[in-house]
Amino acid sequence: MTDPRDLELENQDLTDAIVSAYETIESAIEMTDFLDTLTSASPLDRVLELTGERLNSIIPFDVSAFYLVNDDTGELELYSCRPAAEAEHIKGLIAEEMEKGNIHIALRDQRPMLRHIEAEDRNRLLLHSISTTRRCRGLFAGVFSHGPGHGDRLTLLLFTLILSHCANALESASLYEMVHRSNLALTGSVEKNRILFNKLSMGIDEILRLVRHMLKSDPSVSPEEKANRLTVLRAAYRYFTQTGIPEERNLREIINTVVRHYAATFSLEEKSPKLAVTGSNLKIGLLQGVLISLTLYEVLATAFHRRPEGEWENLEAGTSLDRAGLLISVSPTKALENLERQELSMLRFLVTGELGGTIRVDPSSGILRIHIPLS
């Protein structure tokens, strides 16, 4: 007959074991919570750091290391090791286990593998895969001094539980990081587009104001002449927004484009006015480029085709670029000596009112000089 005292002791042992198991499971539930790590500055590092702390609370490791799978090569690479000075040591141990085929088994079985380290007496190497149901994320490797309770089933089950949740957290961290990068890129793109849109809207508002002035001013100018001005404005605007976004363009190219347009419009290809361009390759923006294009057209139109037939063959026009800005000169200019003439009102408006420049006729040489600051 069984002694009641033996039954009582056995019952007490079972009760203690059950209580201990419950406490362990409760602590394990806390150990599998990685939610807060995903919003940290470096979620991947934080997940592994927290996992290492939780594993060390179960078995005090002398060395603990995390290997992660390189997505490009599919190979295991050492990501972190504590202490860092033991990195070469752990690499050597993993290389030995790799040669024996044990790393493949540990990754395949997804459960703890304990290996005796031959040269280190009581030391053991614990290997465990870090895997989700879909893929292997990496491998945990830890060196510890073997002691009571370090190899029992409950302890090893806790390892599997924690590393399983670690793998899921790494998956979530990667996804979170990807979404975060996408959001940042999207936010940056939206902000960039907002700035460009505002810039474009302001430019359009200025150009519409200019169009209204062009249509209302100079009542003596014919509808055909006003249509030519609008054609130049439209062509210049298209030149600056070829990609849909206002971009800076080379001033030398703008001048040449306007001259070609002018010569083609008035069929002056064979005897077109020469507008030589010298100086630096300065770049300018949308609104200033449109205004300069219209100014050049007004200079050419006033000096050439608005004059009586045959009076413009000997005229010469030129531009130069320097640090002071754009200088346009036309000579000789008997027809332009009176700058208050109504035909020059648009030219005066563009140069002095819109571009902040100056326009004058040199009394000694009769050369019309227009200066436009570009800084």
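Shown in residue order for the range 235-240 are the 3J(HN,Hα) couplings computed by the Karplus curve 6.51 cos²θ - 1.76 cosθ + 1.60 at θ = phi - 60°: 5, 5, 4, 4, 4, 7 Hz (x for Gly and Pro).
Starting from the residue with the highest accessible area, list Met214, Met178, Met113 in decreasing order, probe 1.4 Å. Don't jump to the answer; show the numbers that get you there.
Numbers: Met214 5, Met178 95, Met113 35 Å².
Largest to smallest exposure gives the sequence Met178, Met113, Met214.
Using the Cα coordinates of the range 98-168, the gyration tensor eigenvalues translate into equivalent-ellipsoid semi-axes of 21, 15, 8 Å, sorted from longest to shortest. Per-residue 3J(HN,Hα) values for the range 122-134, derived from phi via the Karplus relation 6.51 cos²θ - 1.76 cosθ + 1.60 with θ = phi - 60°, read 7, 5, 10, 10, 9, 10, 8, 5, 10, 9, 9, 5, 9 Hz in sequence order (x marks Gly and Pro).
Of Thr231, Thr243, the order by accessible heavy-atom surface (1.4 Å probe, DNA, RNA and ligands excluded), from most exposed downward, is Thr243, Thr231.
The values are calculated or read from the model by the stated rules, or taken from the named source; none is laboratory data. None of these values were measured; they are calculated from a predicted model. Accessible surface areas use protein heavy atoms only, side chains included; no ligands, DNA or RNA. Shrake-Rupley method; radii C 1.70, N 1.55, O 1.52, S 1.80 Å.
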